[in-house]
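The values are calculated or read from the model by the stated rules, or taken from the named source; none is laboratory data. Owing to the predicted nature of the structure, the values given are computational and were not obtained by experimental measurement. Neighbour counts are summed over all protein chains in view; Cβ atoms, including those assigned to glycine, are modelled from backbone coordinates with ideal geometry.
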Amino acid sequence: MSEIVKISGMSNQEFLEAHAQPGRIGLSGGTTLIDRAISRAESRIHFKTRRSLWSHAFVFEGRRADGHHWVIESDLQLHRKHIRLGVQENRVTGYFDEKLYTCLAVLDFGLKADQVTTLLREGLELVASRTRYSLRELAGAWLGLRHHGLRSRENLLAREKSLFCSAFVVHLFRKFELDLAPGLNEKHATPEDISLTAIPHTTYILERPAKNGTKLQRLRARVRSRIKQRVTSRPKE
């Protein structure tokens, strides 16, 4: 049976330092244009009743000799005069930025030591073989979200030696017969699908203080308030 543990009053750094362990899955949601677009597209999983919190998925590798936790992920990393597009290893410190990463979760499936070894070995093999992050496959997954009948089939825009973030995570777990998204082709699996997996696990979610709606909602509220003030302040005839 799965359990959700909601945690508040922590920074991203404190949360990740407390819950990052080898073989656990990380989920994040962010503020960039692509993060918002992915979250909006995933709303179709819920028939547009709500947006997903999650736009990226990765696997915790563990703490290394430098004292930092590291992750294995398939991602697009933009650095000055350098672009890394594909499966890669990164320090978890990249997720400490609370302006970029507004939602974080850690999923613990209670993996055995040999399962963690298999998971990380397969992940490092994909790093070494330079498996790419495919924006084209991401577009194919978007088509699947619009036409649910496609999600069990091969991604229409699939490429060889390519996996986007959540497809990479699902691919790794299927290596030891733990299927996070049964019935889905791995190249259609989204971060939201991983968050909804029926496999028993514990999810640690970092809760943020609720904001008073989106910017658009706050603007609408101010407009309605001003209109109401003007109407009530008019002199009665």
Among (1) more than 25 Å from residue 148 (Cα to Cα); (2) free of Cβ contacts under 8 Å to residues at least 60 places away in the same chain; (3) not aromatic (Phe, Trp, Tyr) - the single one residue 59 does not satisfy: (2)
Matching residues in region 26-39 - criterion: being surrounded by 23 or more Cβ atoms within 10 Å (Cβ to Cβ) and of a type in the set (Lys, Arg): none
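Only one of 42, 125, 61 is out of contact with any strand residue (DSSP E or B) (no Cβ under 8 Å at 6 or more places or on another chain) and buried (at least 21 other Cβ atoms within 10 Å of the Cβ). Can you tell me which?
On the way: 125 fails: buried (at least 21 other Cβ atoms within 10 Å of the Cβ); 61 fails: out of contact with any strand residue (DSSP E or B) (no Cβ under 8 Å at 6 or more places or on another chain).
Answer to the check: 42.
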All positions within region 54-78 that are at pLDDT 95 or above and among the aliphatic types (A, V, I, L, M): 57, 59, 65, 71, 72
Test for residue 23: is it of a type outside the set (D, E, K, R), under 11 Å from the mean Cα position of the chain (by Cα) and crowded, with 17+ Cβ neighbours inside 10 Å: no
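Of everything in region 138-157, what is out of contact with any Asp or Glu (no Cβ under 6 Å at 6 or more places or on another chain), part of a loop (DSSP other than H, G, I, E, B) and under 14 Å from residue 186 (Cβ atoms)? Give them in sequence order. Explain how you work it out, then say what you get.
Pass one, region 138-157, residues out of contact with any Asp or Glu (no Cβ under 6 Å at 6 or more places or on another chain): 138-154, 156.
Checking which are part of a loop (DSSP other than H, G, I, E, B) leaves us with 147, 151-154, 156.
Once the filter is applied, which keeps residues that are out of contact with any Asp or Glu (no Cβ under 6 Å at 6 or more places or on another chain), part of a loop (DSSP other than H, G, I, E, B) and under 14 Å from residue 186 (Cβ atoms), region 138-157 yields 151, 152, 153, 154.
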Which listed residue is aromatic (Phe, Trp, Tyr), within 29 Å of residue 10 (Cβ to Cβ) and out of contact with any Pro (no Cβ under 8 Å at 6 or more places or on another chain), from 133, 101: 101
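Hey, any hits in region 118-136 for a residue that's among the polar types (S, T, N, Q), over 20 Å from the mean Cα position of the chain (by Cα) and not in a loop (DSSP other than H, G, I, E, B)?
yes
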